[in-house]
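Colleague: Got a structure for you, written out below as structure tokens; questions coming shortly.
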Amino acid sequence: MDGLDRTAPQVTAGIYKYDAYDRQFLRDRVAEFRGQVDRRLAGALSEDEFKPLRLMNGLYLQLHAYMLRCAVPYGVLSSDQMRQFAVVARRFDRGYGHFTTRQNIQFNWIKLEEAADAIATLADADLHAIQTSGNCIRNVTTDEYAGAAFDESVDPRVYAEILRQWSTLHPEFSFLPRKFKIAITGAARDRAAIQLHDIGLAARRDASGAVSFEVWVGGGMGRTPILAYRIRERLPEAETIAYLEAILRVYNALGGRENIHKARIKILVRDVGQARFTELVEQEYARLPRERYRLEPEVVAAIQAHFAPPPFAVLPQADAALAAACDGDAEFAAWVGRNTHPHKVAGYISAVISLKPIGGIPGDCSAAQMDAIADLADRYAFGEVRVSHVQNLVLAHVRKDELYALWQALRPLGLATGNVGLLSDIIACPGLDYCALANARAIPVAQLIAERFADLHRQHDIGSVYINISGCINACAHHHVGHIGILGVDRKGEEYYQITLGGSATNDARIGDIVGPSFAYDQVTDAVETILRSYLAIRQAGELFIDTYRRTGLAPFKEALYATA
Amino acid sequence: MQAKVKARGTQPLVVTANRLRDGRVVWLGGGGIWSERVGDAAIFDGAGVAAGLSAAAQAEAEQIVVAPYEVEVTLKPGGPEPLRMRERVRVVGPSVLAPSVLAAGMLAEAAE
Ligand code: SF4
């Protein structure tokens with residue numbers, strides 16, 4: 001696309017660049033979809049015939065309109081791609097988009113008769129919606145600080161891109177028993193929730209520089225939340241694709257296809273047992289023509305070239321300008337304390353743009369904000385933006401001495417809320433406000449909770465706590481692993497909410513415990529307040545909410561919640 | 001997947017669907033007209049809804065609507081109001097677009 005030369009800086013941060021073949025493929029795909037839509041509108045295709053075709057192109061029919069889910073491969077975007085989202089939001093939607101926990105974006109107000117034009121507009125910026133739905137391998141997700149984090153040993157984007165290329169239109173894995181999600185991390189701290197995915201990969205580098213992977217399999221949320229188990233401790237880089245191929249083959253052959261609720265790989269692993277599943281995979285792996293799938297170092301190097309570090313300036317680690325700005329502006333200092341992450345390169349830092357203004361809609365971003373963020377990415381972050389799995393955006397490479405200027409630019413845009421990891425940094429799915437599968441609304445519950453605790457000082461006192469709200473058991477907002485998880489349930493056509501406590505999505509992954517009977521819509525905020533008041537009353541010095549919960553268990557919270565019931 | 005509400009006794013019913021070309025929520029009105037306003041919906045009783053559903057099936061075959069179904073309502077002065085929360089959200093649109101509605105707790109009230 002021509003836009004890449006328009007406003008982006010001369011040298012951008014690492015972004016995988018499409019070649020002529022990729023672009024022609026996308027154009028052909030748009031033309032094919034346009035024909036399918038035309039045939040549907042003319043009556044040549046019934047809804048039953050058309051539905052799988054539109055889903056393959058990321059187009060869902062939701063409560064009020066069609067929804068288009070566009071992939072953001074492993075959450076990495078160029079500034080021009082962000083601008084193109086703004087174009088789609090303005091031209092085909094109502095001027096905004098919604099970033100999801102899968103590091104994708106959804107447009108909520110698409111018309112079927114304009115869907116092909118919307119997809120063509122995305123394709124102009126090397127974007128697409130392929131494999132964002134259906135029983136195939138979905139967008140590979142990763143750490144939003146990839147290539148920047150101080151605790152990273154391997155850049156997971158390289159392998160996420162390799163997996164993207166391997167899994168896109170993989171002929172054998174286009175009709176799996178159910179959807180399949182892969183997450184990958186290359187840092188000490190797991191920020192990709194690898195134990196909650198069908199396959200989770202933790203990349204490690206040994207003393208000689210060789211890369212290997214811990215392979216986890218069989219995790220997932222939804223109706224039956226299960227943590228993955230580690231099937232291989234040290235899979236050499238060269239064997240990655242062959243081994244994943246073996247796992248997928250076993251799943252494809254043996255995974256349940258009769259009952260949609262029993263079709264994910266986690267159920268297969270649970271039913272046959274971990275030992276037997278491992279055996280089956282190893283047998284398949286031994287049988288495979290492994291040489292054909294060998295991941296050669298040259299291939300890795302070629303992909304790596306796309307993610308070469310941007311031209312960082314040589315700077316001191318400590319930054320006097322940043323320290324002075326923090327001293328002079330307490331609000332900025334508080335934002336820095338919450339919304340930044342240490343960078344591996346001296347003098348740089350990663351900045352998180354919170355999409356959770358108090359009372360706002362978690363993950364929503366207006367077209368004007370998208371354009372402004374793209375400009376700021378060009379100015380301060382080598383023209384690159386990340387989508388995080390907690391529905392925020394990240395500028396991964398910002399000079400510390402420019403952070404104050406960035407923050408000042410974010411403020412008038414409503415994008416400088418300093419609440420990352422605090423309780424108003426709520427993860428919420430579209431819920432019953434948009435989603436056809438929902439039991440209950442999630443967004444207004446998030447808004448009410450955030451408004452109840454609007455005072456950031458109070459939030460700082462409470463400390464880090466993740467609240468995740470899903471509108472149904474599909475768990476798109478990962479409520480099972482929220483410190484406080486809220487699940488919308490249907491009771492005779494009315495909205496109720498089940499609360500879980502003590503979940504975790506990181507290295508110490510854990511499924512939360514259900515506190516007891518569910519709460520009505522207008523009781524949920526009070527219940528959350530009761531939980532947090534109980535925590536404040538019993539916490540010991542230095543304890544975060546999750547620490548207190550692990551020490552005390554459910555009892556004191558349950559007592560407080562139901563004592564007066 | 002659409003939530004089907006089984007006709008229960010004498011509860012009045014309306015017929016709804018999404019419009020094919022843009023996905024918008026529509027309600028079957030008199031004379032087979034599909035309207036975006038629930039106030040225009042034709043009211044059926046348990047026995048009469050079969051005629052509405054048959055008209056809707058015809059509209060589906062003619063590429064006007066997708067996946068029609070019947071919805072239980074109560075008749076209010078302002079028009080029919082669905083019993084289920086899901087359908088009430090389909091009537092008013094996302095509550096998140098209407099902060100005043102949200103603040104006033106009108107949807108929560110309606111849910112009681
Ligand atoms: S969790 Fe349920 S309600 Fe929420 S987006 Fe997913 S399917 Fe829809």
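The values are calculated or read from the model by the stated rules, or taken from the named source; none is laboratory data. What you see is a predicted model, and the numbers here were worked out from it, not measured in a lab. Heads up, the Cβs are rebuilt from the backbone with ideal geometry, glycines too, and the neighbour counts pull from every protein chain shown. These area figures cover heavy atoms from the full protein model, side chains too; ligands, DNA and RNA do not enter into them. Shrake-Rupley method; radii C 1.70, N 1.55, O 1.52, S 1.80 Å.
Colleague: Which of A:225, A:169, A:186 sits closest to the plus end of the dipole of the range A:163-243, meaning its Cα is farthest towards the positive end, when Lys and Arg get +1 and Asp and Glu get -1 on the C-beta?
Modeller: A:225
Colleague: What is the antiparallel percent of DSSP beta bridges lying wholly in the range A:141-306, to the nearest 5?
Modeller: That works out to approximately 70 percent antiparallel.
Colleague: Helix-only estimate, please: 222 nm mean residue ellipticity of the protein assembly as shown, summing -39500 (n - 2.57) across DSSP H runs of length 4 or more and dividing by its residues, to the nearest 500.
Modeller: The helix contribution divided over the protein assembly as shown gives -10500 deg cm²/dmol.
Colleague: In peptide A:448-454, how many Cβ atoms from other protein chains are near each Cβ within 10 Å, on average?
Modeller: 1
Colleague: Averaged over its residues, how many other protein chain Cβ atoms are within 10 Å of peptide A:110-121's Cβ atoms?
Modeller: 2
Colleague: Same structure, new question: Given the Cα-Cα distance of residue A:259 and residue A:31 and 0.36 nm per residue of separation, how much length would full extension add, in nm?
Modeller: 78.7 nm
Colleague: Using a Cα-Cα cut-off of under 25 Å, which lysines could be cross-linked to residue A:17, ignoring same-chain neighbours fewer than 8 residues away?
Modeller: A:181, A:344
Colleague: I would also like to ask the following. Roll a 1.4 Å probe over the protein heavy atoms and report the accessible area of residue A:128 in Å², nearest 10.
Modeller: Rounded to the nearest 10, the figure is 30 Å².
Colleague: May I ask you to work out the translational diffusion coefficient for the range A:20-123 at 20 °C, viscosity 1.002 mPa s, via Stokes-Einstein with Rh from the Kirkwood sum over Cα pairs, reported in whole µm²/s?
Modeller: Rounded, D is 152 µm²/s.
Colleague: Could you give the distance between the Cα centres of the range A:477-531 and the range A:189-230, to the whole Å?
Modeller: 25 Å
Colleague: Could you check what % of the DSSP bridge pairs in the range A:427-564 are antiparallel, to the nearest 5?
Modeller: Roughly 70 percent of the DSSP beta bridges within the range A:427-564 come out antiparallel.
Colleague: Roughly how crowded by other chains is peptide A:169-179, in terms of the mean Cβ count from those chains within 10 Å of each of its Cβ atoms?
Modeller: 0
Colleague: Mind checking which lysines have their Cα closer than 25 Å to the Cα of residue A:356? Skip sequence neighbours fewer than 8 apart in that chain.
Modeller: The qualifying lysines are A:400.
Colleague: Please say if the protein assembly as shown is rounded, prolate or oblate, where rounded means a/c under 1.5 for a ≥ b ≥ c the square roots of the C-alpha gyration tensor eigenvalues, and otherwise the choice is prolate for a/b larger than b/c and oblate otherwise?
Modeller: It is rounded, given that a/c, with a ≥ b ≥ c, falls under 1.5.
Colleague: Would you mind telling me the share, in percent, of accessible area of the range A:427-564 contributed by carbon and sulfur at probe 1.4 angstrom?
Modeller: 53 percent
Colleague: Rounded, prolate or oblate: which fits the range A:43-191 when a ≥ b ≥ c are the square roots of the eigenvalues of the alpha-carbon gyration tensor, with rounded for a/c under 1.5 and prolate only if a/b beats b/c?
Modeller: oblate
Colleague: Here's something else I'd like to know. For an R0 of 45 angstrom, estimate the FRET efficiency from the Cβ-Cβ distance between residue A:540 and residue A:90 and round to the nearest 0.05.
Modeller: Computed FRET efficiency for residue A:540 and residue A:90 comes out at 0.30.
Colleague: Give the aspartates and glutamates reachable from residue B:76 as a straight Cα distance under 20 Å; neighbours fewer than 8 places away on the same chain don't count.
Modeller: List returned: A:494, B:36, B:40, B:45, B:87, B:109, B:112.
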